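Peer 1: Below you will find the structure I want to go over with you.
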Amino acid sequence: MNYRSDIRNIVIIAHVDHGKTTLVDAMLKQSKVFRDNQIVGKLIMDQGVLEREKGITIMAKNTAVVYRGVKINIIDTPGHADFSGEVERVISMADGCLLLVDSIEGPMPQTKFVLRQAMAMGLKPIVVINKVDRQNSRIAEVLSSTEDLFLELATSADQLDFPVLYASAQEGTAVTELGMKGKDLTPLFECILGKVSPPQIESGPFQMLVSNLDYDSHKGRIAIGRIWRGKVAPHDPVVSVGTDGSVTPYEIGEVFTYLGLKRLKVEEAEAGDIVAVTGLEKVTIGDTIASLERPEALPRIKIGEPTVEMTFGVNTSPFAGREGRFCTTRQLRERLYKELETNLSLRVQDTDSPDTFLVKGRGELHLAILIETLRREGYEFEGSRPEAITKIVDGKLMEPVEVLTIDTKDEYIGALTEMLGKRQAQLTDMRNDGHNNVRLVFHVPTKGLIGFRNAFTTATRGESIINTTFLGYEPYHGDIISTRNGVLVASEQGIAVTYGLNNAQGRGFTFIEPGTPVYEGMIIGLDSRPQDIAINVCKEKKKTNMRSSTSDIAIKLTPSIQLSLEQAIGFINNDELVEVTPENIRLRKKLLTQAQRLRDISSSRRSIEK
Ligand SMILES: Nc1nc2c(ncn2[C@@H]2O[C@H](COP(=O)(O)OP(=O)(O)OP(=O)(O)O)[C@@H](O)[C@H]2O)c(=O)[nH]1
Ligand SMILES: [Mg+2]
């Protein structure tokens, strides 16, 4: 076996927000990939619109820097558990990983999840305790719990021998010994060169695994991945080997390698490097691209199963077609199936109803990001409440269970444990730091977490942090009774007015402002009682000869509650839908008229009595 000493391939992994993308910023800056006067800003790799808005990484991405003549291919990954599929998709391109651990939070559930993945792939880990600049950092404790995590996960003794660096990604510094003053990231680069094995290469006919796809309006589909054997050059004849072993011939268009934020066109690339190639029109992630003489497939990428599902359907509301550019079943179906090409942990299925599709993902956020993406592209559709995906194993009904970690203050423990008890959560750990900060760890069925974030934020007044990671499937814990109150439903179509909304506020909270168009069956608020109630929010005050308009002005409404998309899909019950358009997110009852809903209740009562 030969090695390429001029390359290192690393993936950066961590729990959400531990500073991966910030560290990549610092690595890029120190490597002078930008002009001196170039304004590059922060979180440079998070280029997606939603990534920038939410301040999180959603997709794994490649970049590369050169240090002392060695090219370091860097893959930045998302830390949010819902995007774990992205880590699984790219991890096989690397030989080593930087495991970042926040110097205050310490190892979190997702730290464990990604480290386990890295160990299973045989990657050489480098531990980077990050954010050491923060005042209340607990570096010694964090290191010790990181060591415990390695002890728990290591499958061989050499995995326990990992280097540790102390970094401030924000300041762009790293040191090898605590207490040293950091100057730049040189110790980190040296560690990567010294400790991550250079890529092993096999000579022979070309073979690469496609780990990512990109599109370019001129160049068409771009396949990205690591070359495992041989070389590739523009115009080489190749084949792609698909899922079913089918072989499709192609001619390579152009070949690119990475440098900084650019792709460089090259005349040839060799095993060990990460490349982007054009010319393969129908290739998909997981396919192998190989030479004609030895069209052998590399092992396909393994992606964890989705845990949450919801339906996406053509918009059936009375306002359908008013705001979207793409509103038909065919357009929605095509777009959803296209998403599968790059969103590997997503599944889409047709259902018995031709206008409705079942979409399965790794969590509420995974699905919410898809919905938001579609709506910004101009799609209009309706979505149902997300449900946990159960399955039958050996004749037994099983359901997904997650580890829920909550960092909060002492005073919220009571309220949280009560809320979570109703959601079938089991407290497995509770740690208090003696300063009124407490970390609670629960095991909770996924179904119990749906919609929990809303209630959680309200209950802890936004002062706590919540994290979840998939644990596994367990025997079904039984049904959960919905604890949500009833909703306020518009009883007529029209424009909501102050007088009507004021009546509604006598019953609960409202979600809309005066002037909002409503239709019968649209949810306009939350009732303070368990039952739904229909209210005519378009109703004006009866005009009398008296100066009624002044009394109408005197009405002061409480500001409405604006539900975000994620909150909206967590809020609705099974008999409700979220209507999504580029301009609005509306909530509605599935059955729009009160007569239909009453009939439905009495027929379900009759079937229970039978
Ligand atoms: N004080 C301090 N803050 C940091 C440091 N590194 C990152 N941060 C901050 O931590 C937050 C999260 O940083 P990111 O780089 O987005 O974290 P990430 O790991 O890429 O997050 P995801 O990709 O969403 O998982 C940002 O507000 C950063 O400014 C550091 O070394 N010190
Ligand atoms: Mg990031």
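The values are calculated or read from the model by the stated rules, or taken from the named source; none is laboratory data. Every value quoted in this text rests on a predicted model; they were computed, and no experiment measured them. Using ideal geometry, Cβ is built from the backbone for each residue, glycine included, and neighbour counts are taken over all protein chains shown. Surface areas here come from the heavy atoms of the whole protein model, side chains and all, with no ligands, DNA or RNA. Shrake-Rupley method; radii C 1.70, N 1.55, O 1.52, S 1.80 Å.
Peer 1: Looking at E492, E520, which one is assigned to a loop (DSSP other than H, G, I, E, B), in contact with a strand residue (DSSP E or B) (Cβ under 7 Å, 6 or more places away or on another chain) and open to solvent by 60 Å² or more (accessible area, probe 1.4 Å)?
Peer 2: None of the others qualify; the one that does is E520.
Peer 1: Quick one: is I13 within 12 Å of ligand 1 (Cβ to nearest atom), surrounded by 13 or more Cβ atoms within 10 Å (Cβ to Cβ) and modelled with pLDDT under 90?
Peer 2: Spelling it out, it is not the case that I13 is within 12 Å of ligand 1 (Cβ to nearest atom), surrounded by 13 or more Cβ atoms within 10 Å (Cβ to Cβ) and modelled with pLDDT under 90.
Peer 1: Which of the following residues is surrounded by 23 or more Cβ atoms within 10 Å (Cβ to Cβ) and either touching a residue at least 60 places away in the same chain (Cβ under 8 Å) or of a type in the set (D, E, K, R) (or both): E372, E387, E380?
Peer 2: Testing whether each residue is surrounded by 23 or more Cβ atoms within 10 Å (Cβ to Cβ) and either touching a residue at least 60 places away in the same chain (Cβ under 8 Å) or of a type in the set (D, E, K, R) (or both) leaves just E380.
Peer 1: With respect to the numbered conditions (1) under 28 Å from the mean Cα position of the chain (by Cα); (2) surrounded by 13 or more Cβ atoms within 10 Å (Cβ to Cβ), which one is the sole condition not fulfilled by V266?
Peer 2: (1)
Peer 1: Taking the condition of being of a type outside the set (K, R) and either within 16 Å of R484 (Cα to Cα) or in a loop (DSSP other than H, G, I, E, B) (or both), how many residues in region 579-610 meet it?
Peer 2: So the count comes out to 8.
Peer 1: Same structure, new question: Going residue by residue through region 10-23, is there one that turns out to be over 30 Å from V438 (Cα atoms), touching a residue at least 60 places away in the same chain (Cβ under 8 Å) and either in contact with a helix residue (DSSP H, G or I) (Cβ under 9 Å, 6 or more places away or on another chain) or not aromatic (F, W, Y) (or both)?
Peer 2: Yes, the conditions are met somewhere in region 10-23.
Peer 1: So which residues in region 214-249 are hydroxyl-bearing (S, T, Y), open to solvent by 40 Å² or more (accessible area, probe 1.4 Å), touching a residue at least 12 places away in the same chain (Cβ under 8 Å) and part of a strand (DSSP E or B)?
Peer 2: T248
Peer 1: Scan region 308-328 and tell me whether some residue there is surrounded by fewer than 19 Cβ atoms within 10 Å (Cβ to Cβ), assigned to a strand (DSSP E or B) and free of Cβ contacts under 8 Å to residues at least 60 places away in the same chain.
Peer 2: Yes, region 308-328 contains a residue that is surrounded by fewer than 19 Cβ atoms within 10 Å (Cβ to Cβ), assigned to a strand (DSSP E or B) and free of Cβ contacts under 8 Å to residues at least 60 places away in the same chain.
Peer 1: Here's a follow-up. If you check every pair at least six apart or on different chains, which have Cβ atoms under 6 Å apart with a residue in region 85-101 that is within 11 Å of ligand 1 (Cβ to nearest atom) first and a residue that is in a helix (DSSP H, G or I) and of a type in the set (D, E, K, R) second?
Peer 2: Going by the 6 Å Cβ cut-off, the qualifying pairs are L100/K20.
Peer 1: Somewhere in region 42-60, is a residue without any contact (Cβ under 8 Å) to a residue 40 or more places away in the chain and farther than 28 Å from P306 by Cβ?
Peer 2: Yes, region 42-60 contains at least one residue that is without any contact (Cβ under 8 Å) to a residue 40 or more places away in the chain and farther than 28 Å from P306 by Cβ.
Peer 1: Which of the residues spanning region 42-69 are more than 10 Å from ligand 1 (Cβ to nearest atom) and basic (K, R)?
Peer 2: Of everything in region 42-69, those that are more than 10 Å from ligand 1 (Cβ to nearest atom) and basic (K, R) turn out to be R52, K61, R68.
Peer 1: To continue, here is another question. Quick one: count up the residues across region 54-86 that are β-branched (V, I, T), open to solvent by less than 10 Å² (accessible area, probe 1.4 Å) and more than 14 Å from ligand 2 (Cβ to nearest atom).
Peer 2: Residues meeting the conditions: 2.
Peer 1: Another question, if that's okay. Between L193, L259, L264, which is assigned to a strand (DSSP E or B) and under 30 Å from T176 (Cβ atoms)?
Peer 2: L259
Peer 1: Please determine whether any residue of region 117-133 is within 16 Å of ligand 1 (Cβ to nearest atom) and under 22 Å from the mean Cα position of the chain (by Cα).
Peer 2: yes
Peer 1: Just to verify a result, which residue in region 30-53, among those that are buried (at least 17 other Cβ atoms within 10 Å of the Cβ) and more than 10 Å from ligand 2 (Cβ to nearest atom), is modelled with the highest pLDDT?
Peer 2: Q30
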